[in-house]
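A quick write-up on the structure given underneath.
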Amino acid sequence: MAKKKAVAKTLTYTRANGYEKLPPAELKKLEALCASYLAFLGAAKTEREAHDDAVKLLLAAGFQNLDSLILKKTALKPGDKVYRSCAGKTLLAAILGRRPLEQGLHIVGGHTDSPRLDVKQNPLYESGEMALLDTHYYGGIKKYQWVAMPLALHGVFIKPDGKKITITIGEEPGDPVFCITDLLPHLGQDQMKKSLADGVEGENLDVLVGSVPSKNKVAKEKIKHRVLELLQERYGVTEADFLSAELEFVPAGQPREAGFDRSLILGYGQDDRVCAFAALQALLDVPGTPEYTSCVLLCDKEEIGSVGATGMYSNFFENTVSEMLGLCGGTYSELVLKRGLNNSWMLSADVNAAFDPLFAGVSEKKNAALLNQGTCLTKFTGSRGKSGASDANAEFVAQVRRIFARAGVAWQAGELGKVDQGGGGTIAYLMARYGMEVLDCGVALLSMHAPWEVAGKFDVYMTYKGYLAFLKDGRGQA
Ligand code: MN
Ligand code: MN
């Protein structure tokens with residue numbers, strides 16, 4: 001009997017809650033990492049803010065701006081730490097490895113943009129004794145979730161002379177906040193008959209920003225005018241400056257620990273700043289000179305299809321690797337670049353959906369990621385018959401299994417919903433174009449894309465640990 005049991009144990013793959021095997025020393029590290037994560041998440045609520053905070057951390061850790069090295073034609077050598085910015089939104093950081101770039105990089109790439117409400121270019125109007133700002137939602141949101149809650153405004157005005165005015169309103173304790181009004185249930189009978197998709201219309205996601213009239217005698221719309229007076233006084237901007245602004249309404253307030261046991265994190269923008277943070281922290285913690293060049297990519301525009309100059313579709317990544325190659329000595333050759341990209345390994349650092357007992361029907365439980373079971377490897381994404389999928393090669397999944405097993409990384413396999421339920425994608429397929437090995441790996445969230453998303457601390461910690469082990473890995477040769 002006893003013998004049979006032992007055989008069964010080795011033959012069976014079982015899943016377990018990660019806390020059960022977590023030694024106290026690891027728990028301490030987990031809490032310390034999650035405290036840093038909470039601080040980062042609370043401070044970086046837009047792609048620009050995440051970029052700027054990341055650059056500060058990189059500079060403090062001795063990373064150098066690649067653009068200045070290019071200007072000075074400074075040669076790069078193993079162990080050198082560099083970063084490069086794309087328009088202050090997308091960021092690449094790397095530690096040059098012992099092996100030449102031609103042999104490939106180890107890349108962890110995620111994104112720092114999150115669903116939100118962007119202020120339109122001609123947004124301000126007055127109606128019903130109120131001033132409002134018109135918005136256009138960004139990314140996949142459920143519109144009904146964004147009304148009747150405090151919103152903060154983050155972003156920049158850029159003047160025609162290039163001057164940048166950065167604003168953040170609604171995050172400090174004494175700050176005012178903003179909101180979008182919703183209909184009272186007493187008058188909501190028609191609205192309540194509509195579908196959740198139509199109950200709140202995108203064009204009606206207009207934010208209430210003022211209600212006091214200006215004392216100006218000639219102004220026609222006095223409440224709107226008062227808002228413009230305040231913007232002029234405080235920020236030196238006029239109504240025309242909205243034309244060259246990028247202003248984002250995001251949920252106001254700080255991320256918090258959640259649950260009696262404080263094991264969860266409730267916060268805005270964890271898709272995908274949880275993976276972005278874990279990737280950045282992992283890079284900062286790579287000891288010495290890695291065997292292969294360690295590279296972290298924090299991308300913009302993932303939530304709208306990775307398009308545009310700052311999205312993963314652009315040539316920024318490829319161009320930056322070219323620039324690094326150009327500084328690595330020898331004659332620059334496109335063939336070497338192509339080999340380097342083809343030989344690279346990548347973890348596409350993005351979130352997946354955790355199994356939610358309140359919506360159990362959308363998942364197939366044994367293949368869904370579960371809370372606290374570790375970082376989630378998603379072999380394939382896409383929808384329907386794996387359409388649009390980035391499907392990692394089993395050989396590469398096996399390599400990642402090897403790396404994670406050696407480093408004691410708790411991980412689980414996950415998929416985005418049961419078959420034919422829906423689906424999604426990440427930047428993985430854009431990197432797979434180069435022929436490199438790519439596998440999606442990140443934290444499984446609850447309430448993904450909601451104003452407040454939920455992550456398990458254990459999963460955050462294991463994602464960091466997984467990225468670090470991956471960056472450090474020498475492919476069995478070191
Ligand atoms: Mn994402
Ligand atoms: Mn997303």
- Message: Can you pull out every residue in segment 275-303 that is more than 13 Å from residue 97 (Cα to Cα) and either without any contact (Cβ under 8 Å) to a residue 24 or more places away in the chain or among the charged types (D, E, K, R) (or both)?
- Response: 285, 300, 301, 302, 303
- Query: Take the residues of segment 416-444 that are open to solvent by less than 30 Å² (accessible area, probe 1.4 Å) and part of a loop (DSSP other than H, G, I, E, B): which is farthest from ligand 1 (Cβ to nearest atom)?
  - Reply: 436
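Each row is one residue, and each column tells you yes or no for (1) surrounded by 20 or more Cβ atoms within 10 Å (Cβ to Cβ); (2) under 25 Å from the mean Cα position of the chain (by Cα).
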residue: 184; (1), (2): no, no
residue: 202; (1), (2): no, yes
residue: 224; (1), (2): yes, no
residue: 271; (1), (2): yes, yes
residue: 277; (1), (2): yes, yes
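Give, as residue ranges, the strands (runs of 3 or more DSSP E) completely inside segment 84-161 that count at least 2 residues that are assigned by TED's automatic domain parsing to the domain that holds residue 297, farther than 27 Å from residue 188 by Cβ and open to solvent by less than 10 Å² (accessible area, probe 1.4 Å).
In segment 84-161, 90-95, 105-111 are the strands (runs of 3 or more DSSP E) which contain 2 or more residues that are assigned by TED's automatic domain parsing to the domain that holds residue 297, farther than 27 Å from residue 188 by Cβ and open to solvent by less than 10 Å² (accessible area, probe 1.4 Å).
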- Query: All but one of (1) more than 16 Å from ligand 1 (Cβ to nearest atom); (2) out of contact with any Lys or Arg (no Cβ under 8 Å at 6 or more places or on another chain); (3) open to solvent by less than 40 Å² (accessible area, probe 1.4 Å) hold for residue 239; which doesn't?
  - Reply: (3)
- Message: Whether any residue in segment 115-126 is free of Cβ contacts under 8 Å to residues at least 12 places away in the same chain, closer than 24 Å to residue 310 by Cβ and among the charged types (D, E, K, R) is what I want to check.
- Response: no
- May I ask you to verify whether residue 140 is within 16 Å of ligand 1 (Cβ to nearest atom) and closer than 26 Å to residue 203 by Cβ? yes
- Selection status of residue 306, among the hydroxyl-bearing types (Ser, Thr, Tyr), surrounded by fewer than 22 Cβ atoms within 10 Å (Cβ to Cβ) and either within 13 Å of ligand 1 (Cβ to nearest atom) or without any contact (Cβ under 8 Å) to a residue 60 or more places away in the chain (or both): yes
- Message: One residue is enough: does segment 226-248 have a residue meeting the conditions assigned to a loop (DSSP other than H, G, I, E, B), within 30 Å of residue 111 (Cα to Cα) and not aliphatic (A, V, I, L, M)?
- Response: no
- Where a residue in segment 348-360 is within 22 Å of residue 428 (Cβ to Cβ) and touching a residue at least 24 places away in the same chain (Cβ under 8 Å) and its partner, wherever it lies, is among the β-branched types (Val, Ile, Thr) and away from ligand 2 (no atom under 16 Å from the Cβ), with Cβ under 6 Å and at least six apart: 348/438; 349/108
- How do the pairs read when you match residues in segment 378-391 that are outside any loop (DSSP other than H, G, I, E, B) with residues anywhere that are at pLDDT 90 or above, using Cβ under 6 Å and keeping only pairs 6 or more apart or on different chains? 378/352; 378/414; 378/440
- Message: Can you find, within segment 317-341, the residue that is nearest to ligand 2 (Cβ to nearest atom) among those that are within 25 Å of the chain's Cα centre (by Cα) and open to solvent by 40 Å² or more (accessible area, probe 1.4 Å)?
- Response: 318
- Selection over segment 204-222 where residues are assigned to a helix (DSSP H, G or I) and within 28 Å of the chain's Cα centre (by Cα) yields a count of 1
- Item | Among the candidates 81, 56, residue that is crowded, with 16+ Cβ neighbours inside 10 Å, out of contact with any Asp or Glu (no Cβ under 9 Å at 6 or more places or on another chain) and among the basic types (Lys, Arg) | 81
- For segment 162-176, how many residues are in contact with a Lys or Arg (Cβ under 9 Å, 6 or more places away or on another chain) and not in a strand (DSSP E or B)? 1
- Message: I need the full set of residues from segment 445-456 which are within 12 Å of ligand 1 (Cβ to nearest atom) and open to solvent by less than 10 Å² (accessible area, probe 1.4 Å), in order please.
- Response: 445, 453
- Considering each of 306, 314 in turn, give the residue that is polar (S, T, N, Q), within 16 Å of ligand 2 (Cβ to nearest atom) and either closer than 30 Å to residue 475 by Cβ or part of a strand (DSSP E or B) (or both). 306
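Scan segment 41-49 and tell me whether some residue there is among the hydroxyl-bearing types (Ser, Thr, Tyr), part of a helix (DSSP H, G or I) and assigned by TED's automatic domain parsing to the domain that holds residue 365.
The answer is no, given that none of the residues of segment 41-49 is among the hydroxyl-bearing types (Ser, Thr, Tyr), part of a helix (DSSP H, G or I) and assigned by TED's automatic domain parsing to the domain that holds residue 365.
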- Task: Please indicate, with yes or no, whether at least one residue in segment 245-266 is at pLDDT 95 or above and either touching a Cys at 6+ places or on another chain (Cβ under 7 Å) or within 15 Å of ligand 1 (Cβ to nearest atom) (or both).
- Result: yes
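The values are calculated or read from the model by the stated rules, or taken from the named source; none is laboratory data. On a predicted model such as this, the values are computed, not experimentally measured, just so you know. Glycine also receives a Cβ, built like all others from the backbone with ideal geometry; neighbour counts cover every protein chain displayed. These area figures cover heavy atoms from the full protein model, side chains too; ligands, DNA and RNA do not enter into them. Shrake-Rupley method; radii C 1.70, N 1.55, O 1.52, S 1.80 Å.
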